[in-house]
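In what follows, a single structure is set out as structure tokens and then discussed.
The values are calculated or read from the model by the stated rules, or taken from the named source; none is laboratory data. Bear in mind that the values here come from a model prediction, so they are computed numbers and not experimental data. Note that we place each Cβ from the backbone using ideal geometry, even for glycine, and neighbour counts take in every protein chain shown.
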């Protein structure tokens, strides 16, 4: 038996197929992964993401510490509630984790990191914080829900307290607001509009039931994966890990090399990679034949293997198979992927595959 989130009862009541995910009992789907995928693209769904790790960084040197810890620059966060996506790197420039950071106030920043890297992340952050006047607090008292989909804003706003509706409605992407009980951010992992909600464990179940009663249906982790893949969003452990830098994971845009005098962990190896320009690259693939692209399938050009798929699946929106592939540096238009001993042609495209419910290709 794994750890259970405060929403475990909802999963059981809705006949979820439960799986182990990094030591947590989590719902894969509630009957049909594809139907749940379309529900988010066309309407709205609620995800239990309470397995994620919430960490508060508090102290007079919180900003200074995070400018050193993260590859992106938290000096971009000047307005309370503003959020930033970043990678956290090791000394070699490899990705220890990807995360979102929120600016609460000058002495309080909030990180949301991955469940699978929980212990590693906490140990690393505490180790790096030794020379800074900060405290590191894991918020195991908090749960997290994601309400995502084209109709998510309208449906969620309707059930929020009236004195809170206006501030939530005005939220721009990657901004958050909060009251005495709810922290709500306009962020997500689906490529659709929506919100991520952080709240106390003891009120999470009641709020989840209230959200479901507003015709925002529960969605499992299977659809979460195909939604993020269509949206061009990386998954830690598949598309990036300690062996690859952000430049090799299609995340160069998350690295702030300016100002040039900011010292951050992993900076020098990244600058060397950037200068040489021979590092591996991440591209999108759309299969041009029947078949399913899967993780680790080899990718070829002119019968020479040049890389492999990092994430692959059937796309319910495009009705074909899609994938991310890490490849040798180069210019590509068509490649072949080895699928069950057959070489199948795949078109090379820029990410994302789907934007706001509409196919890009």
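Being over 20 Å from the mean Cα position of the chain (by Cα), crowded, with 17+ Cβ neighbours inside 10 Å and within 25 Å of residue 247 (Cβ to Cβ) is the requirement here; does residue 344 meet it?
On the way: over 20 Å from the mean Cα position of the chain (by Cα): yes; crowded, with 17+ Cβ neighbours inside 10 Å: yes; within 25 Å of residue 247 (Cβ to Cβ): no.
Taking the combined requirement at face value, the residue does not satisfy it.
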Which one is surrounded by the most Cβ atoms within 10 Å (Cβ to Cβ), of the residues in region 1-50 that are in a helix (DSSP H, G or I) and free of Cβ contacts under 8 Å to residues at least 40 places away in the same chain? 8
Apart from one, (1) touching a strand residue (DSSP E or B) at 6+ places or on another chain (Cβ under 8 Å); (2) at pLDDT below 95; (3) closer than 30 Å to residue 150 by Cα all hold for residue 357; the odd one out is (1)
Please verify whether residue 291 is within 12 Å of residue 229 (Cα to Cα), surrounded by 15 or more Cβ atoms within 10 Å (Cβ to Cβ) and out of contact with any helix residue (DSSP H, G or I) (no Cβ under 8 Å at 6 or more places or on another chain), treating the condition exactly as stated. no
Kindly list the number of the only condition in (1) touching a strand residue (DSSP E or B) at 6+ places or on another chain (Cβ under 7 Å); (2) closer than 25 Å to residue 228 by Cβ that fails for residue 319. (1)
Please list, ordered by first then second residue, the pairs with beta carbon atoms under 6 Å, 6 or more apart or interchain, first in region 74-102 and within 19 Å of residue 178 (Cβ to Cβ), second at pLDDT below 95 and buried (at least 19 other Cβ atoms within 10 Å of the Cβ). none
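Taking the condition under 23 Å from residue 202 (Cα atoms) and either within 21 Å of the chain's Cα centre (by Cα) or touching a residue at least 40 places away in the same chain (Cβ under 8 Å) (or both), does residue 121 pass? Show your work before the answer.
Working: under 23 Å from residue 202 (Cα atoms): no; either within 21 Å of the chain's Cα centre (by Cα) or touching a residue at least 40 places away in the same chain (Cβ under 8 Å) (or both): yes.
Considered against the rule, which asks whether it is under 23 Å from residue 202 (Cα atoms) and either within 21 Å of the chain's Cα centre (by Cα) or touching a residue at least 40 places away in the same chain (Cβ under 8 Å) (or both), residue 121 comes out as no.
Among the residues of region 238-252, which ones are touching a strand residue (DSSP E or B) at 6+ places or on another chain (Cβ under 9 Å) and outside any loop (DSSP other than H, G, I, E, B)? Full working, then the answer.
Restricting attention to region 238-252, the residues satisfying the condition of being touching a strand residue (DSSP E or B) at 6+ places or on another chain (Cβ under 9 Å) are 238-251.
Those that are touching a strand residue (DSSP E or B) at 6+ places or on another chain (Cβ under 9 Å) and outside any loop (DSSP other than H, G, I, E, B): 240, 246, 247, 248, 249.
From 341, 302, 319, grab the single residue that is out of contact with any helix residue (DSSP H, G or I) (no Cβ under 9 Å at 6 or more places or on another chain), free of Cβ contacts under 8 Å to residues at least 12 places away in the same chain and closer than 26 Å to residue 194 by Cβ.
Numbers: 341 fails: closer than 26 Å to residue 194 by Cβ; 302 fails: closer than 26 Å to residue 194 by Cβ.
On inspection, the qualifying residue turns out to be 319.
Out of curiosity, is residue 203 touching a strand residue (DSSP E or B) at 6+ places or on another chain (Cβ under 6 Å), free of Cβ contacts under 8 Å to residues at least 60 places away in the same chain and outside any loop (DSSP other than H, G, I, E, B)? Quick ask: steps written out before the conclusion?
On the way: touching a strand residue (DSSP E or B) at 6+ places or on another chain (Cβ under 6 Å): no; free of Cβ contacts under 8 Å to residues at least 60 places away in the same chain: yes; outside any loop (DSSP other than H, G, I, E, B): yes.
When the stated conditions are applied, residue 203 does not pass them.
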Exactly one condition in (1) touching a helix residue (DSSP H, G or I) at 6+ places or on another chain (Cβ under 8 Å); (2) farther than 20 Å from residue 214 by Cβ; (3) modelled with pLDDT of 95 or more is false for residue 22; which is it? (3)
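Name the one entry in 69, 7, 77, 84 that is within 18 Å of the chain's Cα centre (by Cα), at negative phi and modelled with pLDDT of 95 or more. Before you say what the answer is, go through the steps one by one.
Numbers: 69 fails: within 18 Å of the chain's Cα centre (by Cα); 7 fails: within 18 Å of the chain's Cα centre (by Cα); 77 fails: within 18 Å of the chain's Cα centre (by Cα).
That would be 84, the only listed residue that is within 18 Å of the chain's Cα centre (by Cα), at negative phi and modelled with pLDDT of 95 or more.
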Just checking, how many residues over region 174-188 are touching a residue at least 60 places away in the same chain (Cβ under 8 Å), crowded, with 20+ Cβ neighbours inside 10 Å and part of a loop (DSSP other than H, G, I, E, B)? 1
